[in-house]
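Here's the structure, in structure tokens; my notes come after.
The values are calculated or read from the model by the stated rules, or taken from the named source; none is laboratory data. Note that this is a predicted model, so its numbers are computed, not measured. Backbone-built Cβ (ideal geometry, glycine too); neighbour counts: all protein chains shown.
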Amino acid sequence: MVKKIQEISSLIRQRKHFLCVGLDPDLGKMNAELLSQEKPLVRFCEEIIEQSKDIAIAYKINIAFFETLGSKGYQQLEELMELLPKECFLIADAKRADIGNTSKQYANFFFDHLNFDAITLHPYMGVDSLEPFLQYENKVSIILALTSNPGAIDFELQEMKTGGALYKQVISTFSNSPFSDRIMFVVGATRPQEFVQIRQWIPHHFLLVPGVGEQGGDLESTIRNGRNGGGGLLINVSRGISYPAAEKGKTRVELIRERVVHYARLMAID
């Protein structure tokens with residue numbers, strides 16, 4: 001097991017929950033005060049970080065919201081990386097993969113230049129397309145397996161001639177690769193019934209779990225069926241924390257803090 005994954009397990013034992021805070025700085029949902037800032041994406045994320053850095057296990061940064069601003073967005077992404085707490089696990093939610101030379105450049109940018117601990121990747125071009133990421137000894141590749149969106153039925157849940165769904169083949173192929181100890185898988189909380197079977201296939205791997213909060217995933221079932229001896233789960237909440245409903249007499253940062261504490265308590269373990 002790579003050092004970064006051991007560190008996640010240790011932080012879960014220390015903080016006693018599985019909360020991964022998603023940072024999705026959507027300009028279309030920001031208030032006028034944030035939009036008036038010179039660097040609104042950084043300021044938006046900074047508010048959330050300040051209210052969660054003593055609680056969060058990990059942060060998942062959605063790269064698309066930075067790319068939409070071109071060079072200015074990338075500059076803000078670089079600045080944001082300096083603000084994130086180094087003891088937390090830092091995930092680039094970028095969903096990259098391509099032929100070897102291209103993937104090598106993606107890996108260099110996210111792992112070497114920005115110094116993310118992990119990146120989300122799609123597996124459908126095959127193992128060779130992800131090898132440039134997998135070859136980093138103390139970085140983690142998080143591979144899409146069974147996602148939380150309704151469209152998962154289009155491909156991921158399709159039965160193969162060899163038996164079992166396509167996502168099972170993805171898990172089997174990568175969990176049996178020489179790089180297995182530096183791999184996690186994405187499994188959505190909107191499909192909690194699948195966690196029992198998945199844990200039979202991969203009892204020791206970590207799972208990054210989207211779909212809690214706005215998407216209505218089954219949190220209790222996910223934890224009961226998905227956790228393992230090392231923790232085994234990073235449960236992401238993005239919109240449920242970043243965009244709290246307004247309440248009279250409370251500031252935005254107060255509401256963010258309440259949501260962080262709320263979700264950490266819902267995910268609490270002994």
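Applying the condition of being hydrophobic (A, V, I, L, M, F, W, C) and surrounded by fewer than 22 Cβ atoms within 10 Å (Cβ to Cβ) to region 9-39 and asking which residue is farthest from Arg182 (Cα to Cα) yields Ala32.
Condition check: out of contact with any helix residue (DSSP H, G or I) (no Cβ under 9 Å at 6 or more places or on another chain), within 20 Å of Val237 (Cα to Cα) and either surrounded by fewer than 23 Cβ atoms within 10 Å (Cβ to Cβ) or modelled with pLDDT of 95 or more (or both). Does Ser52 satisfy that? So that I can check it myself, show each step before the final result.
On the way: out of contact with any helix residue (DSSP H, G or I) (no Cβ under 9 Å at 6 or more places or on another chain): no; within 20 Å of Val237 (Cα to Cα): yes; either surrounded by fewer than 23 Cβ atoms within 10 Å (Cβ to Cβ) or modelled with pLDDT of 95 or more (or both): yes.
Here the answer is no, as Ser52 does not meet what is asked.
Looking across region 237-270 at every residue that is touching an Asp or Glu at 6+ places or on another chain (Cβ under 8 Å) and assigned to a helix (DSSP H, G or I), the one that is nearest to Ile223 (Cα to Cα) is identified as Gly240. Of all residue pairs spaced 6 or more apart or on separate chains, those with beta-carbon atoms under 7 Å, a first member in region 10-39 that is of a type in the set (Asp, Glu) and a second member that is assigned to a helix (DSSP H, G or I) are Asp24/Phe65; Asp24/Arg239; Asp24/Ser242; Asp26/Phe65.
Has region 181-195 got any residue that is closer than 24 Å to Asp270 by Cβ, hydrophobic (A, V, I, L, M, F, W, C), out of contact with any His (no Cβ under 8 Å at 6 or more places or on another chain) and outside any loop (DSSP other than H, G, I, E, B)? Explain how you work it out, then say what you get.
Applying the first criterion (closer than 24 Å to Asp270 by Cβ) to region 181-195 yields 184, 187, 189, 192, 195.
If we keep only those that are hydrophobic (A, V, I, L, M, F, W, C) too, we end up with 184, 187, 189, 195.
Now drop any that are not out of contact with any His (no Cβ under 8 Å at 6 or more places or on another chain), which leaves 187, 189, 195.
Okay, now just the ones that are also outside any loop (DSSP other than H, G, I, E, B), so 187, 195.
Within region 181-195 (the criterion being closer than 24 Å to Asp270 by Cβ, hydrophobic (A, V, I, L, M, F, W, C), out of contact with any His (no Cβ under 8 Å at 6 or more places or on another chain) and outside any loop (DSSP other than H, G, I, E, B)), the answer is yes, since at least one residue qualifies.
Selection within region 218-239: residues that are of a type in the set (S, T, N, Q) and crowded, with 24+ Cβ neighbours inside 10 Å. The member of this set that is modelled with the lowest pLDDT is Thr222. Here Asn101, Asn149 are screened, and the one residue that is in contact with a Gly (Cβ under 8 Å, 6 or more places away or on another chain) and on the phi < 0 side of the Ramachandran plot is Asn149.
Considering region 181-217, and only residues there that are of a type in the set (D, E, K, R), over 17 Å from the mean Cα position of the chain (by Cα) and surrounded by fewer than 19 Cβ atoms within 10 Å (Cβ to Cβ), the residue that is farthest from Ile241 (Cα to Cα) turns out to be Asp181. Condition first: under 15 Å from the mean Cα position of the chain (by Cα), over 19 Å from Gly126 (Cβ atoms) and assigned to a strand (DSSP E or B). Now tell me which residues in region 136-180 satisfy that. Within region 136-180, Val140 is the sole residue that qualifies. Within region 91-115, residues that are closer than 18 Å to Thr68 by Cβ have Cβ atoms under 6 Å from residues that are of a type in the set (Gly, Ala, Ser) and surrounded by fewer than 13 Cβ atoms within 10 Å (Cβ to Cβ) in no pair, counting only partners at least 6 apart in sequence or on another chain. Against the test of being out of contact with any strand residue (DSSP E or B) (no Cβ under 9 Å at 6 or more places or on another chain), exposed (fewer than 14 other Cβ atoms within 10 Å of the Cβ) and not hydrophobic (A, V, I, L, M, F, W, C), the options Gln76, Gln6 yield a single qualifying residue, Gln6.
Screening Leu255 with (1) closer than 16 Å to Ile57 by Cα; (2) at pLDDT 95 or above; (3) not aromatic (Phe, Trp, Tyr) gives one miss only, at (1).
Among the residues in region 38-45, are any over 30 Å from Gly229 (Cβ atoms) and not in a helix (DSSP H, G or I)? Scanning region 38-45 turns up at least one residue that is over 30 Å from Gly229 (Cβ atoms) and not in a helix (DSSP H, G or I).
Please verify whether region 63-71 includes one or more residues that are surrounded by fewer than 21 Cβ atoms within 10 Å (Cβ to Cβ), more than 22 Å from Val186 (Cα to Cα), of a type in the set (A, V, I, L, M, F, W, C) and touching a residue at least 12 places away in the same chain (Cβ under 8 Å). Yes, because at least one residue in region 63-71 is surrounded by fewer than 21 Cβ atoms within 10 Å (Cβ to Cβ), more than 22 Å from Val186 (Cα to Cα), of a type in the set (A, V, I, L, M, F, W, C) and touching a residue at least 12 places away in the same chain (Cβ under 8 Å). Of the helices (runs of 4 or more DSSP H) lying entirely inside region 60-118, the ones with 3 or more residues being touching a Pro at 6+ places or on another chain (Cβ under 8 Å) are found at 100-107. Give me the pairs, please: first residue somewhere in region 153-170 and in contact (Cβ under 8 Å) with a residue 40 or more places away in the chain, second residue anywhere and in a loop (DSSP other than H, G, I, E, B), beta-carbon distance under 6 Å, and either six or more positions apart or on two chains. Every condition considered, the pairs that remain are Val170/Pro123.
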